[in-house]
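The values are calculated or read from the model by the stated rules, or taken from the named source; none is laboratory data. Everything quoted here is computed from the prediction, not taken from an experiment. For neighbour counting, all protein chains shown are included, and Cβ atoms are generated from backbone atoms with ideal geometry for every residue, glycine included.
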Amino acid sequence: MVIVLDPGHGGIDTGAVGNGLQEKNLTLAIAQRAAGALSAYVADIYLTRNSDRYVSLSQRATLANQKQADAFLSIHINAGGGSGFESYRYSGQGVSPETVAFQSAFHQEMATFYAQYTFPDRGMKTADFAVLRETKMKAVLSENLFIDQPTDAQFLQAHLQLIGDATARALATALHLSPVSSPPPAPTALYRVLVDGEQIGAYAQIENILRAVSEYLGSAREIRIQRIST
Ligand SMILES: [Zn+2]
């Protein structure tokens, strides 16, 4: 599973601005945090930019196509009067059922996340955005709150990690990602107890070693405890 995250804007293109914030910085921060959280899942994650630089819309789509991505998510912050979350898929003919299902599942998770903080669900929408039109895989664009609305801006400034984590969770759910399996538990150390050169037992628990040894204390000439496995 290859996922391309697309932090909107960058470099000379600041995106929307408001309340002392620039969209390009917020989108990058969210994408980087989402990418970090996605390392808990079996997926290859690429970012269309990983610094404050300008990347054209076509370059973003081309990168996703070259990586043969399974899914593409463009991350943006809204502006222009309003509050809350909305998502977009391509408005043109022939948008795949996979894209519709992807938007639906992703949107539901994100809207539920924002609803916890009383931000409204502005709905699933369609638009003729270049990154949605030119990408060949299922593709969605998220508009995360309004940079020019004080309550939204305050939340964006304070909770980029939460938004990044929620984005990762929503992708994991929508794309049915498998968690990376945790490493097997380390083998337990095993010790053998030798009394006058003769093994009387092998034990993993310290209490069992002490119990075995105590029977020979006072009578044995030599008691040795040897580690026999990691
Ligand atoms: Zn934008």
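Within the range 161-187, which residues are in contact with a strand residue (DSSP E or B) (Cβ under 8 Å, 6 or more places away or on another chain), in a loop (DSSP other than H, G, I, E, B) and not small (Gly, Ala, Ser)?
LEU175, LEU177, VAL180, PRO187 - these are the residues of the range 161-187 that are in contact with a strand residue (DSSP E or B) (Cβ under 8 Å, 6 or more places away or on another chain), in a loop (DSSP other than H, G, I, E, B) and not small (Gly, Ala, Ser).
Among the residues of the range 66-97, what is the count of those that are more than 16 Å from the ligand (Cβ to nearest atom), of a type in the set (Asp, Glu) and either free of Cβ contacts under 8 Å to residues at least 60 places away in the same chain or within 16 Å of PRO7 (Cβ to Cβ) (or both)?
Residues flagged as more than 16 Å from the ligand (Cβ to nearest atom), of a type in the set (Asp, Glu) and either free of Cβ contacts under 8 Å to residues at least 60 places away in the same chain or within 16 Å of PRO7 (Cβ to Cβ) (or both) within the range 66-97 amount to 0.
So which residues in the range 91-110 are in contact with a helix residue (DSSP H, G or I) (Cβ under 9 Å, 6 or more places away or on another chain) and not in a loop (DSSP other than H, G, I, E, B), if there are any at all?
THR99, ALA101, PHE102, GLN103, SER104, ALA105, PHE106, HIS107, GLN108, GLU109, MET110 - these are the residues of the range 91-110 that are in contact with a helix residue (DSSP H, G or I) (Cβ under 9 Å, 6 or more places away or on another chain) and not in a loop (DSSP other than H, G, I, E, B).
Keeping to the range 53-85, report how many residues are at pLDDT 95 or above, more than 13 Å from PHE129 (Cα to Cα) and surrounded by fewer than 22 Cβ atoms within 10 Å (Cβ to Cβ).
Residues in the range 53-85 being at pLDDT 95 or above, more than 13 Å from PHE129 (Cα to Cα) and surrounded by fewer than 22 Cβ atoms within 10 Å (Cβ to Cβ): 16 in total.
Please work out if GLY218 is over 30 Å from SER39 (Cα atoms), part of a loop (DSSP other than H, G, I, E, B) and either out of contact with any strand residue (DSSP E or B) (no Cβ under 9 Å at 6 or more places or on another chain) or at pLDDT below 90 (or both).
When the stated conditions are applied, GLY218 passes them.
State whether the residues of the range 18-25 include one that is buried (at least 23 other Cβ atoms within 10 Å of the Cβ) and of a type in the set (D, E, K, R).
Taking the range 18-25 as the starting set, the residues that turn out to be buried (at least 23 other Cβ atoms within 10 Å of the Cβ) are 23-24.
Next cut, of a type in the set (D, E, K, R) only: 23-24.
The answer is yes, given that some residue of the range 18-25 is buried (at least 23 other Cβ atoms within 10 Å of the Cβ) and of a type in the set (D, E, K, R).
Which residues, taken from the range 193-213, are within 48 Å of the chain's Cα centre (by Cα) and free of Cβ contacts under 8 Å to residues at least 24 places away in the same chain?
Result: TYR203, ALA204, GLN205, ILE206, GLU207, ASN208, ILE209, LEU210.
Output the residues belonging to the range 111-129 that are assigned to a helix (DSSP H, G or I), among the aliphatic types (A, V, I, L, M) and surrounded by 15 or more Cβ atoms within 10 Å (Cβ to Cβ).
First, pick out the residues of the range 111-129 that are assigned to a helix (DSSP H, G or I): 111-115.
Within this subset, residues satisfying the condition of being among the aliphatic types (A, V, I, L, M) are 111, 115.
Hit for the range 111-129 is ALA111, nothing else.
Hey, can you tell me all the residues within the range 139-160 that are buried (at least 24 other Cβ atoms within 10 Å of the Cβ) and in a strand (DSSP E or B)?
Matches in the range 139-160: ALA139, VAL140, SER142, ASN144, LEU145, PHE146.
I need the full set of residues from the range 161-178 which are crowded, with 20+ Cβ neighbours inside 10 Å and in contact with a helix residue (DSSP H, G or I) (Cβ under 6 Å, 6 or more places away or on another chain), in order please.
If the condition is that a residue be crowded, with 20+ Cβ neighbours inside 10 Å and in contact with a helix residue (DSSP H, G or I) (Cβ under 6 Å, 6 or more places away or on another chain), then ILE163, GLY164, ALA166, THR167, ALA168, ALA170, ALA174 are the ones that fit.
Going through the range 1-41 one residue at a time, which ones are acidic (Asp, Glu) and more than 10 Å from the ligand (Cβ to nearest atom)?
ASP6
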